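In what follows, a structure is listed as structure tokens, so that the remarks can point back to it.
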Amino acid sequence: INEKKYDLVLVTASQYIETPFILNFLKAPKYFYCQDPYYRIIYEPALFNAVHLNFFKFLYEKVNRLIRKYLDIWDAKQIDFVICASKFIQEKFYLTYGKKGIIAYGGVDTTFFSPGSNKERTIDIIFIGSKEFMDGYSFFEEILKAMTVKVKVKTILSENEWLTDIQMRD
């Protein structure tokens, strides 16, 4: 990447930490696009359930998360410009890393995803994700139980089913 002498490098989150380690080595200006405010496994205490861990596993998890957090914060210092997907993410990113970003809302192809159909709606609410805690499925179930209005719900779990763009549009 450095040999090509790019004007800028657009970087997104890593699978292992929010701010990827490659940021330390890039010479071009580094633009970081943040879709999620921080790597939750190291910043959200609710995701560290130590109840059933023996001492060694507990110690391993604590040290592992501490190292990841240190690397994540170190890598974030290398970012030149932050682009956030929403105001919420902008605020969380600033609270986590002390860097301000600009908001760039995602766009939609309105020629493909348009309300042009007069088909009868068979679904009021659709949940697309998994039953993982991070996807908010349990929260979704709580909301449905609390609703006083009867709604038609469709749940599409990524572990069971995937949608094409056409299915999503329809």
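The values are calculated or read from the model by the stated rules, or taken from the named source; none is laboratory data. All values reported here derive from a predicted model rather than from experimental measurement. Don't worry about glycine lacking a Cβ; one is built from the backbone with ideal geometry, like all the others, and counts go over all protein chains shown. We work out accessible area using only protein heavy atoms, side chains counted, and drop any ligands, DNA or RNA first. Shrake-Rupley method; radii C 1.70, N 1.55, O 1.52, S 1.80 Å.
Summary table below
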| quantity | calculated |
| --- | --- |
| Test: residue in region 88-100 that is in contact with a strand residue (DSSP E or B) (Cβ under 6 Å, 6 or more places away or on another chain), open to solvent by less than 40 Å² (accessible area, probe 1.4 Å), in a loop (DSSP other than H, G, I, E, B) and not basic (K, R) | no |
| Subset of region 13-33 [open to solvent by 50 Å² or more (accessible area, probe 1.4 Å) and charged (D, E, K, R)] | K27 |
| Those residues of region 34-57 which are surrounded by 14 or more Cβ atoms within 10 Å (Cβ to Cβ) and either β-branched (V, I, T) or farther than 20 Å from M134 by Cα (or both), in sequence order | I41, I42, L53 |
| Tally, over region 133-164, of residues that are open to solvent by 80 Å² or more (accessible area, probe 1.4 Å) and over 20 Å from the mean Cα position of the chain (by Cα) | 7 |
| Residue, farthest from the chain's Cα centre (by Cα), within region 1-11, restricted to residues that are open to solvent by 70 Å² or more (accessible area, probe 1.4 Å) and in contact (Cβ under 8 Å) with a residue 12 or more places away in the chain | K5 |
